[in-house]
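The values are calculated or read from the model by the stated rules, or taken from the named source; none is laboratory data. Here the structure is a predicted model, which is why all the values come from computation and not from measurement. Neighbour counts run over all protein chains shown; Cβ positions are idealised from the backbone, glycine included. Each accessible area value is taken on the protein alone, full model and side chains, heavy atoms only, with ligands, DNA and RNA left out. Shrake-Rupley method; radii C 1.70, N 1.55, O 1.52, S 1.80 Å.
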Amino acid sequence: SAVISQKPSRDICQRGTSLTIQCQVDSQVTMMFWYRQQPGQSLTLIATANQGSEATYESGFVIDKFPISRPNLTFSTLTVSNLSPEDSSIYLCSVIVGVSSEQYFGPGTRLTVT
Amino acid sequence: GNSVTQMEGPVTLSEEAFLTINCTYTATGYPSLFWYVQYPGEGLQLLLKATKADDKGSNKGFEATYRKETTSFHLEKGSVQVSDSAVYFCALSYNFNKFYFGSGTKLNVKP
């Protein structure tokens, strides 16, 4: 199994600023994922972050808006840049671990942009 | 492309009622299928999974069978409890690499 923590758990930010979200895992993992969950909606994959390589972004998401760092096998950050109210969402990191390749999710970061 | 379609919610049931949440998928090849649950104020948790056709995943009284002929993975429970109130997400994945999630179905169980 894996225990994932995220910081901050929530934040209220002003338009035009940026927020960096941290994701810490209690074990080494190869693949980490960042998702966005807009209010009342499903999860949308933003990018896949592998240690030692550039993140792979999904259609509609770009590095300039969502830069990601993955300095080691237990940690990653997602920055949401130049915030607008449309960025108000819950941001989740997840990892896949174990021989069963089970996916675990962090508790999420609730971002509100005013 | 790959996609997952779930029945829209909310679904409201009385305690001990039978639950079905429909899930169908579009995919090429043979994906693995999952149900995740998100309890109020908590993160997503894996509820059950099936990795090949005709497999049945089960956990906590919930079941779902991987039906390739109908491209479905419907979630069922014989007798729901108030504590089952949550949002349920159907998902598919190839090689546990990239996951595609349905829109989620909110279940409300009343005593």
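For the reader, a short list of remarks on this structure follows.
- Within segment B:3-17, residues that are on the phi > 0 side of the Ramachandran plot have Cβ atoms under 8 Å from residues that are of a type in the set (Gly, Ala, Ser) and surrounded by fewer than 15 Cβ atoms within 10 Å (Cβ to Cβ) in these pairs: B:GLU16/B:SER79, counting only partners at least 6 apart in sequence or on another chain.
- Cross-chain or 6+ apart pairs with Cβ under 6 Å, segment B:62-90 first and crowded, with 20+ Cβ neighbours inside 10 Å, then among the hydroxyl-bearing types (Ser, Thr, Tyr): B:PHE73/B:TYR66; B:ALA86/B:TYR39; B:TYR88/B:THR105; B:PHE89/B:TYR36
- Test: B:LYS49 is farther than 22 Å from A:SER101 by Cα, of a type outside the set (A, V, I, L, M, F, W, C) and in contact with a Phe, Trp or Tyr (Cβ under 6 Å, 6 or more places away or on another chain): no
- Only listed residue being under 15 Å from the mean Cα position of the chain (by Cα), away from every other protein chain (no Cβ under 14 Å) and exposed (fewer than 13 other Cβ atoms within 10 Å of the Cβ), chosen from A:PRO85, A:PRO8, A:PRO67: A:PRO8
- Selected residue (only one of B:TYR30, B:TYR36 is surrounded by 16 or more Cβ atoms within 10 Å (Cβ to Cβ) and either in a loop (DSSP other than H, G, I, E, B) or of a type in the set (Ser, Thr, Tyr) (or both)): B:TYR36
- The sole residue among A:THR79, A:THR114, A:THR74, A:THR20 that is more than 15 Å from the chain's Cα centre (by Cα), open to solvent by 20 Å² or more (accessible area, probe 1.4 Å) and touching a residue at least 40 places away in the same chain (Cβ under 8 Å) is A:THR114.
- Residues being within 11 Å of the chain's Cα centre (by Cα) and closer than 23 Å to A:THR56 by Cβ - total across segment B:94-111: 2
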